[in-house]
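Let me begin by presenting the structure, written as structure tokens, before commenting on it.
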Amino acid sequence: MAVEVCSSAFVQLARAQASALGYTALPIAVVPHPFGTVSREAVRLMAQDCVAQIAGHACAAPAGVQADERACEAEETAAPCAQIEIPEAPDVYTAFNKLARAKRWSDGLPAVPPTPDRVEAMLAYTKRSRNEVVAKLAPAFGAATVESIAVNAVLAGCDPELMSVLVASVEAVAGTDFNLQSIQSTTNPAAVWVIVNGPIAERLGINAAGNCLGEGVHANAAIGRALRLLLRNVGGALPGDMDRATHGQPGKYTFCCAENEAENPWEPLHVERGFAASDSAVTVVGAEGTMNMCTLGKNANDLIRVIADTMRHAPSNEYVHGSEPWFVLCPEHAEIIHEAGISKAELKHRLWEESKMRAGVMAQEDFERLQASRTAELGLIGPDTLITISKKPEDIAIIVAGGKGGHSVYIPCFGNTRSVTRRIAEA
């Protein structure tokens, strides 16, 4: 007997995910929402009621709760994508977009109709079979086949040459450490940030310099958008259904850049992670957003201090869970720190030490979350305990990107996630 347990705000998510997994009649025990602001006595009564609901469901007669094993097993191949006919209209493009919006296939922006010819052009840029399942994408655990990746790439307006980056990105987000299930369904504004390294970045024209996290370059915009469409169309994370973000963020439309390896004084990200400089690789990050760090400081120690000060903030998932904060250092700041004889490893260690935060500055409920999450790691945690933002210095991640100017970017991550890097296999 299986029973789902969730708060009243997440009943729709619970039903949608159960249905996606084949458990259409799975019973749900519901706890009133919110419960983070009520008394302990009220929580105790809620818990008692929840236990009674679970017992009631367990004692009830089964009602077709068994999942369809064929729908839940990860298969190596899947059926081809279905084709639809667009009714005759003066403007087929407009008709398709109206249909895409009605079916919730698009992100709200205009989409390119994925005609058979366009999909075939995408498939020509991979050696993998069109029906091969690259990954199962949470929370619906839909099968991301090579063909479905191509379809969503066309929807996003990708050039066929981008196909190999998308296949590797799908493999990466399905990695266990990435925790896509939580990223897709959280109230947090987490978005998937794609970082491309290696020769393919220059060959495809993926922007690593000025405005690399902004608009204006096709490859950046199309890669990030295509992955996002796959996460909603195959992964099932539709806003208001399984995507429960309180606000979301613009990065949920597209979030992609390359590392500026030409102006990086240290080894690039993919080399740091064990790949050859000649390899091309993609890294996915569960990013909360971006914070600009504008400083004209020319002293390396000053720069490290102000960057560490930026990391330190009380309402932080990263301190609660011991996370993986990210930095996009502009070439100017990277060069100042490198010229002072500071290696990337030393920079990470300095930031880890100098960003320690007194636990007592957190709100009481967040302080209790911190204790529940990290006591096994840190021992007894009191208000005066100095908390590190990550479990170890090596968990702080740094890339060099951007153009001229004294602006670097702090990118806090979701918390319960770790970035994943995959090699890009080109056709």
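The values are calculated or read from the model by the stated rules, or taken from the named source; none is laboratory data. Predicted model, so just to flag it, every value in this text is computed and none were measured. Positions of Cβ are generated from backbone atoms using ideal geometry, with glycine treated the same way; all protein chains shown enter the neighbour counts.
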Restricting the first residue to the range 378-393 and requiring it to be within 12 Å of M362 (Cα to Cα), which pairs with a second residue that is loosely packed, with under 10 Cβ neighbours inside 10 Å and modelled with pLDDT of 95 or more meet a Cβ separation below 9 Å and a spacing of at least six or different chains? T385/G379
Quick check: anything in the range 257-279 of a type in the set (S, T, Y) and under 21 Å from V146 (Cβ atoms)? no
Please pick out the residue among T421, T385 that is farther than 18 Å from H313 by Cα and of a type in the set (S, T, N, Q). T421
Tally time: how many residues in the range 50-60 are in a helix (DSSP H, G or I) and loosely packed, with under 13 Cβ neighbours inside 10 Å? 6
Mind checking whether some residue in the range 253-264 is surrounded by fewer than 22 Cβ atoms within 10 Å (Cβ to Cβ) and under 22 Å from P139 (Cβ atoms)? yes
Which one of these does Q181 not meet: (1) of a type in the set (S, T, N, Q); (2) under 30 Å from I398 (Cα atoms); (3) buried (at least 18 other Cβ atoms within 10 Å of the Cβ)? (3)
So, of the residues in the range 1-46 that are assigned to a helix (DSSP H, G or I) and in contact with a strand residue (DSSP E or B) (Cβ under 8 Å, 6 or more places away or on another chain), which turns out to be farthest from Q181 (Cα to Cα)? M46
Could you pull out the residue among V328, V285, V320, V306 that is surrounded by fewer than 17 Cβ atoms within 10 Å (Cβ to Cβ) and among the β-branched types (V, I, T)? V306
In the range 85-110, residues that are aliphatic (A, V, I, L, M), under 25 Å from the mean Cα position of the chain (by Cα) and either under 27 Å from A425 (Cβ atoms) or not in a loop (DSSP other than H, G, I, E, B) (or both) total 1
Filter the range 276-323 down to the residues that are outside any helix (DSSP H, G or I) and of a type in the set (D, E, K, R) and list them by number. D279, E288, K298, R312
For the condition modelled with pLDDT of 85 or more, surrounded by 11 or more Cβ atoms within 10 Å (Cβ to Cβ), out of contact with any Cys (no Cβ under 6 Å at 6 or more places or on another chain) and under 30 Å from A156 (Cβ atoms), what is the one hit in T94, T77? T94
Give the residues of the range 199-237 that are in contact with a Leu (Cβ under 6 Å, 6 or more places away or on another chain) and part of a loop (DSSP other than H, G, I, E, B), sorted by residue number. V234, G235, A237
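Step by step: first the residues of the range 288-303, then only those that are among the aliphatic types (A, V, I, L, M) and touching a residue at least 60 places away in the same chain (Cβ under 8 Å), then the one that is surrounded by the fewest Cβ atoms within 10 Å (Cβ to Cβ). Which residue is that?
Our first condition is that a residue be among the aliphatic types (A, V, I, L, M); within the range 288-303, this holds for 291, 293, 296, 300, 303.
Applying the additional criterion that residues be touching a residue at least 60 places away in the same chain (Cβ under 8 Å) yields 291, 293, 296.
Working: M291: 13, M293: 21, L296: 8.
Per the stated criteria, the residue is L296.
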Looking only at the range 135-161, count how many residues are surrounded by fewer than 22 Cβ atoms within 10 Å (Cβ to Cβ) and touching an Asp or Glu at 6+ places or on another chain (Cβ under 6 Å). 0
Look at R118 and say whether it is touching a residue at least 24 places away in the same chain (Cβ under 8 Å) and either in the same structural domain as L230 (by TED's automatic domain parsing) or hydrophobic (A, V, I, L, M, F, W, C) (or both). yes
Looking at the range 324-357, which of its residues are of a type in the set (V, I, T), within 24 Å of the chain's Cα centre (by Cα) and in a loop (DSSP other than H, G, I, E, B)? none
Kindly evaluate A156 against the criterion of being modelled with pLDDT of 95 or more and among the aliphatic types (A, V, I, L, M). yes
Selected residue (criterion: surrounded by the fewest Cβ atoms within 10 Å (Cβ to Cβ)) from residues of the range 341-359 that are of a type outside the set (A, V, I, L, M, F, W, C), out of contact with any helix residue (DSSP H, G or I) (no Cβ under 7 Å at 6 or more places or on another chain) and free of Cβ contacts under 8 Å to residues at least 60 places away in the same chain: G341
Restricting to the range 265-282, name every residue that is of a type in the set (V, I, T) and buried (at least 24 other Cβ atoms within 10 Å of the Cβ). V282
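Which of the residues spanning the range 158-192 are touching a residue at least 60 places away in the same chain (Cβ under 8 Å) and either among the aromatic types (F, W, Y) or outside any helix (DSSP H, G or I) (or both)?
Restricting attention to the range 158-192, the residues satisfying the condition of being touching a residue at least 60 places away in the same chain (Cβ under 8 Å) are 158-159, 162-173, 175, 177-179, 182-183, 185-186, 188-192.
Across the range 158-192, the qualifying residues are C158, D159, G175, F178, N179, T186, N188, P189, A190, A191, V192.
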Looking at (1) of a type outside the set (G, A, S); (2) touching an Asp or Glu at 6+ places or on another chain (Cβ under 9 Å); (3) more than 19 Å from L166 (Cα to Cα), find the lone condition where Y253 falls short. (3)
